[in-house]
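Sharing a structure with you now.
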Amino acid sequence: MIIVRTVFQANFGQGGALAKAMAESIAQMMPARRAPQKWRILTDLSGPFDTVVLEVEAESLAAHEQARAELFASPEFQASMGRTASMMTGGRNEFYTLEAQG
């Protein structure tokens, strides 16, 4: 199992709006796709202001890459990115192996 965190840096003052827009889009898109079903949106309490994190669980890097490719090809995702791209200044991906959980 891996955890994938996509960390977005929103424009100043746009973190909450970006988080809300992402949550609405993901809730609509994920069930119809083979994308990971366990996801969450996080916002910053410390560090750079207006940081928004999308965290998902996937069985493997290969499963994540396949789901990502299918998601990026979907018209729903492309429309969602059209709505949110102007709210972001940048971002990065982080990949973690889930070793244990309680």
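Given the condition surrounded by 11 or more Cβ atoms within 10 Å (Cβ to Cβ), assigned to a helix (DSSP H, G or I) and at pLDDT 85 or above, answer yes or no: does some residue in segment 40-48 qualify?
No: segment 40-48 contains no residue that is surrounded by 11 or more Cβ atoms within 10 Å (Cβ to Cβ), assigned to a helix (DSSP H, G or I) and at pLDDT 85 or above.
Say we look at segment 52-83 and pick out the residues that are touching a helix residue (DSSP H, G or I) at 6+ places or on another chain (Cβ under 7 Å) and modelled with pLDDT of 90 or more; which of these is nearest to M29 (Cα to Cα)?
L54
A follow-up question, please. Can you tell me which condition T89 does not meet? The list is (1) assigned to a helix (DSSP H, G or I); (2) in contact with a strand residue (DSSP E or B) (Cβ under 8 Å, 6 or more places away or on another chain), and all the others hold.
(1)
Within segment 31-39, does at least one residue satisfy the condition of being without any contact (Cβ under 8 Å) to a residue 60 or more places away in the chain and in a strand (DSSP E or B)?
Taking every residue of segment 31-39 in turn, at least one turns out to be without any contact (Cβ under 8 Å) to a residue 60 or more places away in the chain and in a strand (DSSP E or B).
Take the residues in segment 8-39 that are basic (K, R) and more than 18 Å from N93 (Cβ to Cβ); name whichever of them is modelled with the highest pLDDT.
Among those that are basic (K, R) and more than 18 Å from N93 (Cβ to Cβ), it is K20.
May I pose another question? Just one of (1) at pLDDT below 90; (2) under 14 Å from the mean Cα position of the chain (by Cα); (3) not acidic (D, E) trips up G91, so point out which.
(1)
The values are calculated or read from the model by the stated rules, or taken from the named source; none is laboratory data. These numbers come from a predicted model, not from an experiment. Every residue, glycine among them, receives a Cβ derived from its backbone with ideal geometry; neighbour counts consider all protein chains shown.
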